[in-house]
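Structure first, then comments.
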Amino acid sequence: MTLALRINGVAREIASDPETPLIHVLRDELGLKGTKLGCGLEQCGACAVLADGEPVMSCVTPAAAFAGRDIVTIEGVAALPAGARVQAAFVQAAAAQCGYCTPGLVVAVTALLSRSARPGRDAIRAALTPHLCRCGSHPRVLRVVDAALAERWP
Ligand code: FES
Ligand code: FES
């Protein structure tokens, strides 16, 4: 028996055990390696994907919990209006060092700017807090958000 998931706009039939955390299905069954496994304990944000537009930590959430939800991984973010601009802003600001945390941060900023055209400092802080960066890229990520807001995010 397979599990039906919708990932990056495509219907997929998943053969893995439905209780498998989604990140392993993405990386090991589907070959979507952009989502990174960091702590595996819902503590670092590296594994974030969007589920119906909201970031979810895929390292602890079983694949079955995503049934009926619209999953977007880092590979699909550019297809979202906000996602394409967020990715471009990350590149322009060189807002990554090793880049391990970057897919999760791109997902988080895309979710933030998709739900609010003018997020306040508290909302920005709340969106970024679950995402650790051992290279210290957060100041540059804040510049990404500021640059996006300065150009009148739609
Ligand atoms: S790998 Fe999922 S939160 Fe760290
Ligand atoms: S850029 Fe290296 S962990 Fe964030």
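Just so it is clear, none of the values below were taken in a lab; they were calculated from the coordinates. As the structure is a prediction and not an experimental result, all values here were calculated from the model. Backbone-built Cβ (ideal geometry, glycine too); neighbour counts: all protein chains shown.
From the Cα gyration tensor of the stretch 58-106, with a ≥ b ≥ c the square roots of its eigenvalues, which class applies: rounded if a/c is under 1.5, or else prolate if a/b is larger than b/c, or else oblate?
Oblate shape, in that a/c is at least 1.5 and b/c is the bigger or equal ratio.
Compute the distance from the alpha-carbon center of the stretch 80-107 to that of the stretch 7-69, in whole Å.
Value for the Cα centre distance between the two parts: 19 Å.
Just to confirm the number: angle between the C-alpha axis of helix 138-150 and the first principal axis of the chain, 0 to 90 degrees, nearest 10?
It is inclined by approximately 70 degrees.
Mind telling me which of Ala127, Ala65, Ala51 comes out most flexible in a GNM of the chain, alpha-carbon contacts under 10 Å?
Of Ala127, Ala65, Ala51, the Gaussian network model singles out Ala65 as fluctuating most.
Which residues make up the longest stretch of the chain clear of GluC sites (Glu not before Pro) that lie in a DSSP loop with no more than 13 other Cβ atoms within 10 Å, not counting the sites? Write down the numbers at each step before the final one.
On the way: sites that count: Glu19, Glu151.
Longest gap between qualifying sites, sites excluded: 20-150.
To the nearest 10 degrees, how steeply does helix 102-115 sit against the main Cα axis of the chain, on a 0 to 90 scale?
80
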